[in-house]
Amino acid sequence: MPVSLTPNAIPAINGGDVDSKPLVQVVDVRPVGGSGGQERHRLLLSDGASSQHAMLATQLNDLVKSGRVRTGSVVQLIDYICSVVQNRKIIVVLNMETIIPDCEIIGNPKMYPETNAAAQKVLPNINTGNVQRFSNDNLNGRNPVQTAQNFQSAVQPPPRANAVQNMQSFRPTVQPPYQPPPNYRNRGPIMKNEAPARIIPIAALNPYQGRWAIKARVTAKGDLRRYNNARGDGKVFSFDLLDSDGGEIRVTCFNAVVDRFYDIIEVGKVYLISKGSLKPAQKNFNHLKNEWEIFLEATSTVDVCPEEDASIPQQQFSFRPISDIENAENNSIIDVIGVVVSINPSVPILRKNGMETQRRNLNLKDGSGRTVELTLWGEFCNREGQKVQEMIDSGIFPVLAVKAGKVSDFSGKSIGTISSTQLFINLDIPEACSLRSWFDFGGKDAASLSISREIMSGGSKNEIRKTVSQIKEEGLGRSDKPDWITVKATVSFIKTDTFCYTACPLMIGDRQCNKKVTRAGNTRWLCDRCNQEFEECDYRYLLQVQIQDHTGLTWVTAFQESGEEILGFSAKELFMLKQQDDERFAETVRSKLFYQFLFRLKIKVETYGDEQRVKITVVKADKVNYSSESQYMLDLISKVS
């Protein structure tokens, strides 16, 4: 079938056209590398006479991968813009439709000349031999269209011999200059990039655009942070944006730009933002699903939209069931929603820098059969934490939505708040309503398992049953990664000479230091790691325990939590008892022998000097539940039979 490409489409786009939605042909498609390893695609577009390179927006990659856009395809450009990249023009395609998937190459297209500064160059008049010069000064006080026609006649070649006249020639049509809106008129010439930029979706942003504008809602605003590096002192803050298409991106401001915009930005308001630079997102600190991050500059503009835009949602979530968090990577950022079933009082914590902060723990439960511990830090304890505490005290179990919580794998999996975390109580969204209905109609009493401090790392391997002799026979712990097993065994001996150590009580981030401390005088303790002194230290278990089953015996090490599970006392209580009454202390320890536990063990080879030793650590010690253990043995018998 005959195909008619849009004549002069390439010159028109170079001249500033963004609205004609031309039909062009894809002459070539090639993959190119993008930031963060994401693949991009470069096209060569043709209007039948001229061709020019184009870059495909990443959200259109599927068109190439699925074969809907390939060499020979005729496409219609819907959203596009011509930008200058490294001193040459390139068409950035933001949206397009495939009209004909496969077609022979039309015409004999030639690469369109780079005419970014053509109007500034000296052009010879072939008819007269004189020279004409075109610049922005020639546009002052003139009709823009007439000026463009004069320019076209200046570059039009004169008539030639018949042989030349019979040859098909192409003379590009120069797009008329941009005509500003009325408020720009009678104010002199329009400088480059002075015209208002088009509003585009966040998903279409890329570094190849010269001018852009986005309309989006602020969903989160980070704290103002100060830093010091080799270049001196500075300050920085960031905020997150969400547009009507669901696109998200982080915006960061430094130093003088902070002074301009920090007080203007408010969570929940809609802004029109333009003139910023795009750089690859730092995924260590940026959890949003966008490969780019906006950095505002001195020329950037941020204008609040006075009217509410209902098409832009207030917030966007990607909730994960609590059961999925068991396999989530440490330090990953996630959204989670659950019913608050318990909450602890807020307690003061001394950080390593000597500053005091607040910490509060609560537990979330959902329909996945799991609960997880959420740790609130700082102001979260007194704002949302106090409100939840009052609701729990009055018998109300609120639904809490967590936006951007940080996963920790310390003693199981838990979630903690960070500066960009947001908490929403009883939010009016379908997920919260569904969870509330589930909890009120049976979910409250449904059995659940905590993934915090009860489930150790290693996924399903923590339920692999082994005997004591199999640890040595199978060479467990000698691979690159530790082995996680469960052993049913009896405590046969506990060393009491060094059953605990003096530990640092200070907090480093969201964890206690726990480093061994030494005396600094008669009344104070010193931590070399924190380089601080304090009057009271903590006491933590470092138990050496011998366990045995019907196949053999082995030594294991039990730290704080597992030590308390074995002995039934805190390390500090037992230490004080030993100081006051050594005989009673010895009797207390002996009374804990010959109890049977289900030990969850971590086995790993460690090097001491030049010697390698297999270290077995108790992660969890549960007293044997004979009912469930009998069921386990019956299941084994049924499998054998």
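The values are calculated or read from the model by the stated rules, or taken from the named source; none is laboratory data. Treat the numbers as computed from the prediction; the structure is a model and nothing was measured. Ideal geometry is used to build each Cβ from the backbone, glycine not excepted, and the neighbour counts take in all protein chains shown. Heavy atoms of the whole protein, side chains included, go into the accessibility calculation; ligands, DNA and RNA do not. Shrake-Rupley method; radii C 1.70, N 1.55, O 1.52, S 1.80 Å.
General remarks:
- Taking residues in region 298-315 that are under 21 Å from Ser274 (Cβ atoms) and not assigned by the TED database to the domain that holds Phe254, and partners anywhere that are hydroxyl-bearing (Ser, Thr, Tyr) and in a loop (DSSP other than H, G, I, E, B), the pairs with Cβ atoms closer than 8 Å and at least 6 places apart or on different chains are Asp309/Ser244; Ser311/Ser244; Ile312/Ser244.
- Residue satisfying condition, being under 30 Å from Ser450 (Cβ atoms) and either of a type outside the set (Ser, Thr, Tyr) or open to solvent by less than 20 Å² (accessible area, probe 1.4 Å) (or both), within set Asn284, Asn290, Asn229: Asn284
- For region 507-530, a tally of residues being surrounded by 18 or more Cβ atoms within 10 Å (Cβ to Cβ) and on the phi > 0 side of the Ramachandran plot returns 1.
- Of all residues in region 484-530, those that are of a type in the set (S, T, N, Q) and part of a strand (DSSP E or B) total 6.
- Restricting attention to region 68-89 and to residues that are open to solvent by less than 10 Å² (accessible area, probe 1.4 Å) and outside any loop (DSSP other than H, G, I, E, B), the residue that is nearest to Glu248 (Cα to Cα) turns out to be Tyr80.
- Exclusive hit being modelled with pLDDT of 90 or more, in a strand (DSSP E or B) and touching a strand residue (DSSP E or B) at 6+ places or on another chain (Cβ under 8 Å), set Leu362, Leu350: Leu362
- Number of positions in region 463-510 that are of a type in the set (A, V, I, L, M, F, W, C), over 39 Å from the mean Cα position of the chain (by Cα) and closer than 30 Å to Thr523 by Cα: 2
- Count - residues of region 302-318 that are under 18 Å from the mean Cα position of the chain (by Cα) and open to solvent by less than 50 Å² (accessible area, probe 1.4 Å): 2
- Among the residues of this structure, Ser20 counts as one that is hydroxyl-bearing (Ser, Thr, Tyr), closer than 24 Å to Ile199 by Cα and over 31 Å from the mean Cα position of the chain (by Cα).
- With respect to the conditions (1) open to solvent by 60 Å² or more (accessible area, probe 1.4 Å); (2) in contact (Cβ under 8 Å) with a residue 12 or more places away in the chain, Lys65 lacks only one, and its number is (2).
- The number of residues in region 177-207 being modelled with pLDDT under 75, over 16 Å from Thr301 (Cα atoms), in a loop (DSSP other than H, G, I, E, B) and of a type outside the set (Lys, Arg) comes to 10.
- Where helices (runs of 4 or more DSSP H) fall wholly inside region 531-599, the ranges with 2 or more residues that are touching a strand residue (DSSP E or B) at 6+ places or on another chain (Cβ under 9 Å), charged (D, E, K, R) and open to solvent by 60 Å² or more (accessible area, probe 1.4 Å) are 560-567, 571-580.
- Qualifying residue in region 4-26 (condition: closer than 28 Å to Lys289 by Cα, open to solvent by less than 60 Å² (accessible area, probe 1.4 Å) and not in a loop (DSSP other than H, G, I, E, B)): no
- Screening Tyr608 on (1) under 19 Å from Lys495 (Cβ atoms); (2) in contact (Cβ under 8 Å) with a residue 40 or more places away in the chain shows it passes everything except condition (2).
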